[in-house]
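Written below as structure tokens is the structure these notes are about.
Since every read-out is calculated from the coordinates, none of them should be taken as a lab result. All values reported here derive from a predicted model rather than from experimental measurement. As a convention, Cβ positions derive from the backbone with ideal geometry for all residues, glycine included, and neighbour counts pool all protein chains shown.
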Amino acid sequence: MPGKFEVKVAKNGQYYFNLKATNGEVILTSEMYKAKSSALNGIESVKKNSQIDKRYVTKTSTSKKAFFVLRAGNHEVIGKSEMYESEKACNNGIASVKKNAVSAKTDDQSAPIVKAAGV
């Protein structure tokens, strides 16, 4: 299974996306967007910026876990990773984003599922 972006709707009605690696693990989660078109633009920004090393900023949480953010050229955060137990695991996460983002397809899961009558 190739990596993919999944577009979803949060409980508050805003849109966001996850980038999933080939193993199905979430490797990057976006910020919230008011419009689906903005979330789709965010995906394009991830594809473009994911290959630029200086766009990644590694950080340490208050619980001493490593994570990273991916920034656009305007320095806005376009995605954040999960928390990692080590800096090495965090760097592996960055490598996975670089590997998966460019060719990842978009799976739009934001549309409500409508059941057929009588089902």
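Tabulated data for the structure shown
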item	result
The one condition in (1) surrounded by 15 or more Cβ atoms within 10 Å (Cβ to Cβ); (2) touching a strand residue (DSSP E or B) at 6+ places or on another chain (Cβ under 7 Å) that residue 48 fails to fulfil	(2)
Residue count, the range 1-29 (criterion: without any contact (Cβ under 8 Å) to a residue 24 or more places away in the chain and of a type in the set (A, V, I, L, M))	2
Meets criteria (on the phi > 0 side of the Ramachandran plot and either exposed (fewer than 14 other Cβ atoms within 10 Å of the Cβ) or of a type in the set (Val, Ile, Thr) (or both)) for residue 73	no
Positions within the range 62-90 being within 25 Å of residue 39 (Cβ to Cβ) and more than 17 Å from the chain's Cα centre (by Cα), in sequence order	74
Residues (polar (S, T, N, Q), farther than 15 Å from residue 91 by Cβ and in contact with a Leu (Cβ under 9 Å, 6 or more places away or on another chain)) located in the range 46-58	49
Search result, residues across the range 13-43 that are within 15 Å of residue 74 (Cβ to Cβ) and within 11 Å of the chain's Cα centre (by Cα)	31, 42
Only listed residue being over 26 Å from residue 111 (Cβ atoms) and touching a Phe, Trp or Tyr at 6+ places or on another chain (Cβ under 8 Å), chosen from 81, 86, 38	81
All positions within the range 11-30 that are in a loop (DSSP other than H, G, I, E, B) and out of contact with any Phe, Trp or Tyr (no Cβ under 7 Å at 6 or more places or on another chain)	11, 12, 13, 21, 22, 23, 24, 25
Selection count, the range 1-45, where residues are surrounded by 12 or more Cβ atoms within 10 Å (Cβ to Cβ), more than 14 Å from residue 81 (Cα to Cα) and basic (Lys, Arg)	3
One residue from 52, 78, 94 being in contact with a helix residue (DSSP H, G or I) (Cβ under 7 Å, 6 or more places away or on another chain), without any contact (Cβ under 8 Å) to a residue 60 or more places away in the chain and β-branched (Val, Ile, Thr)	78
